[in-house]
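Derivation of every value follows stated rules applied to the coordinates shown; laboratory data play no part. Not measured: the values here are computed from a predicted model. Note: ideal-geometry Cβ built from the backbone for every residue, glycine included; neighbour counts use all protein chains shown.
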Amino acid sequence: MSAPAASVPGIFGAAWVIARKDLAIEFRTRSAFLSALVLSLISIVIFFFAWDPTAVGAVDLAPGVLWVTFTFSGLLGMHRSFGVESHDRAMDALLVAPVAREAIFLGKGFANLVFVVGVQAIALPAVALFYNLPVGGAFLGLAGVMLLAAIGLTCVGTLFAGMTANTRMAELLLPVLALPFFVPVVMPAATITARLLAGRPLEESMAWLRLLLAFDLVFVWACTLAFPFTLED
Amino acid sequence: MTKTDLMTRSEQKSSLDWLAVVAFLAIAATYVRAVWFTPPELLQGYAQKIMYVHVPAAWVAFLSFALTALAGGFWLFLKDPRLDRFAESSAEVGVIFTTVVLITGPIWAKPIWGAWWVWDARLTLTLFLWFLFLGYLVLRGAVHEHETRARYSAIVGILGALLIPFIHLSVYLFRTMHPMPIVANPDGIDMPPVMIKTFFLALFSFTLLYAAFVRARYAIAAERDALDDAAAADR
């Protein structure tokens with residue numbers, strides 16, 4: 001922590017304080033993280049029983065299992081990130097704090113990113129274990145792709161979670177709104193994952209990787225700019 | 001203004017909607033021409049005639065979504081409720097036309113491509129566009145406060161416009177990686193003049209129909225907003 005507690009931090013300092021607050025709440029209760037984790041593990045197991053290993057190889061099935069799991073468990077965490085603020089109208093306290101609204105978004109987004117990466121860090125080894133996957137050689141590439149995709153998923157998911165938190169049926173509305181936006185993230189990520197698991201080099205997937213990177217750049221920027229407009233004045 | 005004032009006002013306004021009449025006449029003229037005065041295509045036969053529904057509907061679908069995003073963008077700066085009502089009307093009409101595209105496409109694809117659905121780049125893009133704007137409408141339905149609803153819709157509309165190129169790129173990359181056996185090319189560039197004329201007549205009449213639908217839908221939105229305001233004032 002660079003800024004002393006009494007002074008008003010800059011945009012990134014404020015974002016870090018908010019992210020730390022969210023992560024501290026999550027670390028102490030672990031409610032959402034455990035739910036997301038259990039959901040991931042259960043879906044991995046259900047996928048296994050819906051699978052005929054003589055018809056489809058594990059390497060062909062695993063990318064789909066991984067990305068369906070990451071997408072839905074991630075949504076669970078993002079939905080919660082603004083849910084915690086609705087209790088006791090904590091959101092109002094955040095809004096009157098003398099920090100830029102963009103900082104609130106970046107803080108929430110960063111906490112969500114840590115959440116999604118945390119789920120990924122346990123779900124990937126679980127898939128490797130249950131499906132007997134040779135992940136070893138592709139690990140670095142996979143980790144990079146998972147991080148890039150997690151950035152795209154969390155920035156869009158955080159923005160929509162903030163919007164839907166105040167509506168009725170928020171937990172239904174968030175996936176309906178966010179999933180179309182996840183298409184250009186999940187499609188490259190799943191394709192690259194499939195190729196890496198099949199032992200092909202990352203260089204073969206450069207077009208997909210560029211698409212993923214471009215999505216991250218455009219949407220982190222666009223969602224950060226759009227977030228202040230979602231809040232009431 | 002009270003609720004009874006509004007009701008009499010809406011009754012007085014129920015005169016003939018000339019735009020809708022013109023649009024329906026244009027649509028009728030298009031199909032008279034398309035069915036009786038335009039020859040069937042050499043290779044595809046009568047199946048090709050669905051183009052006079054499918055392609056104009058697709059044009060209107062993309063037009064309506066572009067205008068929805070644009071109206072949302074302007075709303076963020078002007079805060080004019082008329083822009084939001086227009087965005088709402090345009091999105092709803094757009095969903096209807098996209099549904100027409102998604103229904104007529106497979107009807108044509110079955111005899112020509114041999115499958116109801118192919119994961120072709122354009123098909124997939126249209127499908128996701130449909131999902132995107134269904135989400136938009138669901139969001140509108142879930143928010144009641146006018147300004148909040150307008151604000152949220154504007155943001156989803158603008159982000160949706162940003163998203164379309166990305167979806168297009170990814171489905172394009174996906175398709176080129178897995179080439180599909182496509183028997184016929186749906187591009188209608190080499191059309192004889194008689195078909196081109198019918199085609200442009202269809203484009204024109206569908207655009208008129210879009211305008212008529214949006215106008216009618218806008219009137220409903222305006223009445224609803226006025227009624228909401230009156231109810232709020234009565235309270």
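Per residue of B:151-162, count partner chain C-beta atoms within 10 Å of its C-beta, then hand back the mean as an integer.
Numbers: counts 6, 9, 0, 3, 10, 7, 0, 4, 10, 3, 0, 8.
Mean shielding by partner chains, rounded to a whole number: 5.
Taking the Cα centroid of the stretch B:116-169 and of the stretch B:30-76, what is the distance between the two, rounded to the nearest whole Å?
Between the Cα centre of the stretch B:116-169 and that of the stretch B:30-76, the gap is 20 Å.
Which residue, B:TRP117, B:TRP75, B:TRP36, has the most motion in a Gaussian network model of chain B that connects Cα atoms within less than 10 Å?
Among B:TRP117, B:TRP75, B:TRP36, the largest mean-square fluctuation in the Gaussian network model of chain B belongs to B:TRP36.
Under a point spin-label approximation (7 Å from Cα along Cα-to-Cβ), what is the B:ILE96-B:VAL32 distance to one decimal in nm?
2.3 nm
Which three semi-axes in whole Å describe the equivalent ellipsoid of chain B, each the square root of 5 times a Cα gyration tensor eigenvalue, listed largest first? Please list the in-between numbers first.
Numbers: eigenvalues 275, 116, 30 Å².
Each semi-axis is the square root of five times an eigenvalue, giving 37, 24, 12 Å.
Per residue of the stretch A:156-170, what does 6.51 cos²θ - 1.76 cosθ + 1.60 with θ = phi - 60° give for ³J(HN,Hα)? Whole Hz please, x for Gly and Pro, Karplus curve as stated.
5, x, 5, 4, 6, 5, x, 6, 7, 4, 8, 9, 5, 6, 4
What are the semi-axes of the equivalent ellipsoid of the stretch A:1-109, taken as the square roots of 5 times the eigenvalues of the Cα gyration tensor, listed largest first and rounded to whole Å? Provide the component values of the computation, followed by the final result.
Numbers: eigenvalues 299, 40, 24 Å².
Ellipsoid half-lengths, sorted descending, are 39, 14, 11 Å.
What's the magnitude of the charge dipole for chain A around its Cα centre, counting Lys and Arg as +1 and Asp and Glu as -1 at the beta-carbon? Answer in Debye, nearest 20.
The calculated dipole for chain A is roughly 260 debye.
Percent of Cα-Cα pairs more than 24 Å apart in chain A, please.
Numbers: 12422 of 27028 pairs.
It works out to 46 percent of all Cα pairs.
Over the Cα atoms of the stretch A:38-88, Rg to Rh with Kirkwood Rh, two decimal places? Mind showing how you got there, number by number?
Details: Rg = 15.0 Å, Rh = 12.5 Å.
Result: Rg/Rh = 1.20.
Mind pulling the angle between the C-alpha long axis of helix A:58-86 and the longest principal axis of chain A? Nearest 10 degrees, somewhere in 0 to 90.
Between helix and principal axis, roughly 10 degrees.
Quick one: how many lysine pairs does the protein assembly as shown have with C-alpha atoms less than 22 Å apart and a gap of 8 or more or different chains? Give me the count, please. Each step should come with its number before you reach the end.
Details: A:LYS21/A:LYS108; B:LYS3/B:LYS13; B:LYS49/B:LYS110; B:LYS49/B:LYS197.
Lysine pair count for the protein assembly as shown: 4.
Quick check: Cα centre of the stretch A:52-79 to Cα centre of the stretch A:195-212, how many Å?
Centre-to-centre (Cα) distance: 18 Å.
Using the basic label-point model (7 angstrom from Cα toward the beta carbon), what is the A:ALA24 to B:ALA226 distance in nanometres?
Between A:ALA24 and B:ALA226, the label points sit 5.4 nm apart.
Relative to the longest principal axis of the C-alpha atoms of chain A, give the angle of the C-alpha long axis of helix A:11-29, reported between 0 and 90° and rounded to the nearest 10°.
Approximately 70 degrees, to the nearest 10.
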